[in-house]
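Right, one structure below, let's go through it.
The values are calculated or read from the model by the stated rules, or taken from the named source; none is laboratory data. Values in this document were obtained by computation on a predicted structure and should not be read as measured data. Cβ: placed from backbone, ideal geometry, glycine included. Neighbour counts: every protein chain shown. Just so you know, the surface numbers come from the protein's heavy atoms only, side chains and all, with ligands and any DNA or RNA stripped out. Shrake-Rupley method; radii C 1.70, N 1.55, O 1.52, S 1.80 Å.
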Amino acid sequence: MCALIGMAAVDEIVFHQLLGRHHFYDRSTNRVGLLSDALLATSEVLALVAGLFLYADLRRRRALADAHAWAGFLLGLGVFQPLDGIVDHKLLRLHQIRCGVDGTPYDWAWNVGGVVLLRVR
């Protein structure tokens, strides 16, 4: 769970904030897009904190196997990208990876990157 939210945070920080490629919700005004990004960032931070508390609890109880932790981390990273690319970008059409250009190469790169992460585990 923590890795899934972590990848969402990377997406939000890099593509939404730093590069300004899109907002979480692009189908309205820029102000609504910025508000949607702020709400997304807030929910990501809350979920990351909850995930880190769960992780710390597993470590405290010595119930965490390193191999399983890494597999779960890569699984979370890999699941986020196709989930975001297919559901948010294509089915719900909340936003595109990049607006104003042909998004096909960006979609392929995003989704293939997720599949690569899933294959690594």
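Show the residue pairs that are 6+ apart or on different chains and have beta-carbon atoms under 8 Å apart, the first residue being within the stretch 79-100 and more than 14 Å from ASP11 (Cβ to Cβ) and open to solvent by 30 Å² or more (accessible area, probe 1.4 Å), the second being in a loop (DSSP other than H, G, I, E, B) and at pLDDT below 85.
ARG93/ARG27; CYS99/ARG21; CYS99/HIS22; CYS99/ASP26
Within the stretch 56-76, how many residues turn out to be open to solvent by 60 Å² or more (accessible area, probe 1.4 Å), among the charged types (D, E, K, R) and in a helix (DSSP H, G or I)?
Of the residues in the stretch 56-76, 3 are open to solvent by 60 Å² or more (accessible area, probe 1.4 Å), among the charged types (D, E, K, R) and in a helix (DSSP H, G or I).
Is it true that some residue in the stretch 40-55 is assigned to a helix (DSSP H, G or I), in contact with a Leu (Cβ under 8 Å, 6 or more places away or on another chain), more than 18 Å from GLN96 (Cα to Cα) and open to solvent by less than 90 Å² (accessible area, probe 1.4 Å)?
So the first thing to find is which residues in the stretch 40-55 are assigned to a helix (DSSP H, G or I), and the list is 40-55.
From what is left, the residues that are in contact with a Leu (Cβ under 8 Å, 6 or more places away or on another chain) are 55.
From the residues that got through so far, the ones that are more than 18 Å from GLN96 (Cα to Cα) too are 55.
Then keep just the ones that are open to solvent by less than 90 Å² (accessible area, probe 1.4 Å); that gives none.
No, the stretch 40-55 has no match at all.
Condition check ((1) over 28 Å from ALA71 (Cα atoms); (2) in contact with a His (Cβ under 6 Å, 6 or more places away or on another chain); (3) open to solvent by less than 30 Å² (accessible area, probe 1.4 Å); (4) touching a residue at least 12 places away in the same chain (Cβ under 8 Å)) across all residues:
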site: LEU4; (1), (2), (3), (4): no, no, no, yes
site: ALA9; (1), (2), (3), (4): no, no, yes, yes
site: ARG27; (1), (2), (3), (4): yes, no, no, yes
site: ALA38; (1), (2), (3), (4): yes, no, no, no
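Return yes when ARG31 is at positive phi and open to solvent by 90 Å² or more (accessible area, probe 1.4 Å) and no when it is not.
no
Have a look at ARG27, ARG62, ARG31, ARG21 and point out the one that is touching a Phe, Trp or Tyr at 6+ places or on another chain (Cβ under 6 Å) and among the basic types (Lys, Arg).
On the way: ARG27 fails: touching a Phe, Trp or Tyr at 6+ places or on another chain (Cβ under 6 Å); ARG62 fails: touching a Phe, Trp or Tyr at 6+ places or on another chain (Cβ under 6 Å); ARG31 fails: touching a Phe, Trp or Tyr at 6+ places or on another chain (Cβ under 6 Å).
Answer to the selection: ARG21.
Just to be sure I understand the filter: pairs with C-beta atoms under 7 Å, separated by 6 or more residues or on different chains, first member in the stretch 105-121 and assigned to a helix (DSSP H, G or I), second member charged (D, E, K, R). Which pairs pass?
Once the first residue is assigned to a helix (DSSP H, G or I) and sits in the stretch 105-121, its partners that are charged (D, E, K, R) give TYR106/ARG98.
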